[in-house]
1. Can you name every one of the strands (runs of 3 or more DSSP E) wholly within the stretch 61-112 that holds 2 or more residues which are under 22 Å from Asn125 (Cβ atoms)?
2. Regarding the stretch 86-104, can at least one residue be identified that is over 25 Å from Gln334 (Cα atoms), surrounded by 13 or more Cβ atoms within 10 Å (Cβ to Cβ) and β-branched (Val, Ile, Thr)?
3. Filter the stretch 132-147 down to residues that are modelled with pLDDT of 90 or more and either surrounded by 21 or more Cβ atoms within 10 Å (Cβ to Cβ) or not assigned by the TED database to the domain that holds Thr185 (or both), then give me how many there are.
4. Restricting to the stretch 13-35, and then to whatever is open to solvent by 40 Å² or more (accessible area, probe 1.4 Å) and in contact (Cβ under 8 Å) with a residue 24 or more places away in the chain, can you tell me which residue is nearest to Ser393 (Cα to Cα)?
5. In this structure, is Asn316 touching a residue at least 60 places away in the same chain (Cβ under 8 Å) and either in contact with a Lys or Arg (Cβ under 7 Å, 6 or more places away or on another chain) or surrounded by fewer than 18 Cβ atoms within 10 Å (Cβ to Cβ) (or both)?
6. Among the residues of the stretch 323-338, what is the count of those that are crowded, with 16+ Cβ neighbours inside 10 Å, out of contact with any Phe, Trp or Tyr (no Cβ under 6 Å at 6 or more places or on another chain) and not in a loop (DSSP other than H, G, I, E, B)?
7. Pick from Arg137, Arg150: which is touching a helix residue (DSSP H, G or I) at 6+ places or on another chain (Cβ under 9 Å) and without any contact (Cβ under 8 Å) to a residue 60 or more places away in the chain?
8. Anything in the stretch 181-211 that is assigned to a loop (DSSP other than H, G, I, E, B), over 19 Å from Met160 (Cα atoms) and open to solvent by less than 100 Å² (accessible area, probe 1.4 Å)? List them, or say none.
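The values are calculated or read from the model by the stated rules, or taken from the named source; none is laboratory data. These numbers were taken from a predicted model, which means no experiment stands behind them. Neighbour counts are summed over all protein chains in view; Cβ atoms, including those assigned to glycine, are modelled from backbone coordinates with ideal geometry. The protein model used for the area step is the full one, side chains on, heavy atoms only, and it has no ligands, DNA or RNA in it. Shrake-Rupley method; radii C 1.70, N 1.55, O 1.52, S 1.80 Å.
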Amino acid sequence: MESHRNLPTNAISFCLLPSELIQYIILQLALPEIIRLKSVNKSISSIISDRDFVRDYNLQSSSATWLFLYKKRWRREAVLYGFADSSNRWFNILIADLLKQVVPPGEDVYFLTASGNIFLFALNNRQEVMSVDIMTRMVKKIPPSPLGPRGTSSWRRSGMKLLSCPSSSKHFRFLFAELHESHPTLFEYDSRVEKWQFMQAREVTQDLQGDFIFLSASNGRNGSVIIAVRPQCNSTPVVIRPTFITRGNEEDQLAVGFSWGNAIDLLHVYGDGNMITIRSGKVDDVNKTVRKIKGIELWGLSTNGRYWELVSRAPNDLIYKICKPYGAMLGCMQKGEGMTRAILMTNLQGTWDTIWLSYDKNDDQWAWLPLPDCKMKGSNLAGVTFSSGLTLS
């Protein structure tokens, strides 16, 4: 997964180019390429470290959306791959050597989420969470939450959010929602003070207006329990309980987040106050464990948060392009600035396929972004997430 830009292979020849041209070339690269290039020599490192260059690059990269996949193979090192919507290839994010500093041999590591330069990993055996800053190469253990140690199966993608601090890319806030003692509760870790706090969400009494972070505490066939909280620190969380009217056959088997086997007809994927429903059907009567996507719908929250409202249906021509046979499927979602993105990871007999979908609400347009092969055949998927643009700061 190494990059193959048409850069001069001779570092000395490259450094003899005018500095303005060097800066222009480097500005076109993705962050993983720049990190590798920074180690070529002091001259290039000086250009990359220049304050004006860092500002220009961060401004340019802030609009990029990244997809990260963490794959594991038996008796081999796990690999974290990244793909930017502005790129055309996968990048190998060099994370294994960093994790070795704190992760004992044989530990079962899963990738939870990412934001900016911060990546969170869960250790299943030790039931710990580690933060990794890929720029400073700093690895830290996050103290246990007030709920105590948690195994990897306790974390839900739609129930957690990682936020990079605007004032410092080295710090972050990690939020997750749980039904604690039957009460929807928001838990938050702040790396600046290295402490947790938690607060029960109060029932919403008015329409939700403005910016909110939405975290799922639970999801089911007929409705959800979602905590909404404003992005600012120390905001009071509220709970909303949107109901969902199932259309079609009430006997259809439903899965949330992950589907496997021939009995699953409907998959719900949640994220950022949105839901995608994927309806599938049998390919034929012979291969009963193999299915195909038949339809996809995007749902959003009503203004008062009481209902799931239909936003849009994916057009038939898009469904035709992505309806490859599969045996298992999982997904994740992200919403921001009028654009909703979804990743559907399908597996058939050990071969993975990655489907990147987006919906632009302003233009009422669906799009499919074809991705190159990530060479995951025979690997286990140990985490997938969208993230904001990486930065040099």
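1. 66-72, 79-84
2. Taking the stretch 86-104 and keeping what is over 25 Å from Gln334 (Cα atoms), we get 96-104.
From what is left, the residues that are surrounded by 13 or more Cβ atoms within 10 Å (Cβ to Cβ) are 96, 98-99, 102-103.
Next cut, β-branched (Val, Ile, Thr) only: 102-103.
Yes, the stretch 86-104 contains a residue that is over 25 Å from Gln334 (Cα atoms), surrounded by 13 or more Cβ atoms within 10 Å (Cβ to Cβ) and β-branched (Val, Ile, Thr).
3. 1
4. That would be Ile35.
5. No: the conditions fail for Asn316.
6. Residues meeting the conditions: 6.
7. Going through Arg137, Arg150 in turn, just one is touching a helix residue (DSSP H, G or I) at 6+ places or on another chain (Cβ under 9 Å) and without any contact (Cβ under 8 Å) to a residue 60 or more places away in the chain: Arg137.
8. Those that are assigned to a loop (DSSP other than H, G, I, E, B), over 19 Å from Met160 (Cα atoms) and open to solvent by less than 100 Å² (accessible area, probe 1.4 Å): Val193, Val204, Asp207, Leu208, Gly210.
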